[in-house]
Amino acid sequence: MTYKKYNVELEEKEKDYLERFTSTGKHSARDIRRARTLLLSDRGKTDKEIADILGVSTRTVSRTRKQYVTEGLEQALHDKPRPGQPKKLSSSQEAQIIAIACSDPPEGRKRWTLELLQEEALEHGIVEEISTEPIRILLKEHDLKPWKKKDVVHS
């Protein structure tokens, strides 16, 4: 057997946990593949054998082993949170755009469109530049549909 810098030696409780983890079907395919990588590595399989069995690269296998040895079981199974793209609008800008979307549309228009909201935000100096997509996402997050005004029933 070849020497591995990060040798996986699972404790019995970890093996039991991983066996249950892989058989419940409540986890992502990626997490289950990582669990199976650890189980196979503990059984003495080489990175190449594990990669062939699971259909992944040997680099993926070695990364999972390294993460288990250096960071622990849970960190080896799950992705770390990713920061994602920064928000395009500040809270103040969001509030101003929402206020516009909740107001009456411009004269001659029945309803707000994303393009009209974009023009209004630019015209009022709320933002220097913006596409319609951040506006669409903002309205969706707040469940606002200014282009689908409901009839108001007065009682």
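Things worth noting here:
For every residue, the table says whether it meets (1) of a type outside the set (A, V, I, L, M); (2) assigned by the TED database to the domain that holds Glu19; (3) touching a Ser or Thr at 6+ places or on another chain (Cβ under 8 Å); (4) surrounded by fewer than 17 Cβ atoms within 10 Å (Cβ to Cβ).
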residue	(1), (2), (3), (4)
Gln67	yes, yes, no, no
Thr70	yes, yes, no, yes
Ala99	no, no, no, yes
Arg111	yes, no, no, yes
Glu123	yes, no, no, yes
Ile130	no, no, no, no
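- Subset of the stretch 30-53 [acidic (Asp, Glu), out of contact with any Leu (no Cβ under 9 Å at 6 or more places or on another chain) and under 17 Å from Lys5 (Cα atoms)]: Asp47
- Members of the stretch 77-97 found to be surrounded by 10 or more Cβ atoms within 10 Å (Cβ to Cβ) and assigned to a helix (DSSP H, G or I), listed by number: Leu77, Gln93, Glu94, Ala95, Gln96, Ile97
- Subset of the stretch 22-57 (residues that are more than 20 Å from the chain's Cα centre (by Cα), surrounded by fewer than 16 Cβ atoms within 10 Å (Cβ to Cβ) and among the aliphatic types (A, V, I, L, M)): Ile53
- Residue, farthest from His142 (Cα to Cα), within the stretch 64-93, restricted to residues that are among the aliphatic types (A, V, I, L, M) and under 20 Å from the mean Cα position of the chain (by Cα): Ala76
- Residues located in the stretch 61-99, provided they are touching an Asp or Glu at 6+ places or on another chain (Cβ under 9 Å) and either basic (Lys, Arg) or free of Cβ contacts under 8 Å to residues at least 40 places away in the same chain (or both): Val61, Arg65, Lys87, Lys88
The values are calculated or read from the model by the stated rules, or taken from the named source; none is laboratory data. No experiment lies behind these values; they were computed from the predicted model shown. Every residue, glycine among them, receives a Cβ derived from its backbone with ideal geometry; neighbour counts consider all protein chains shown.
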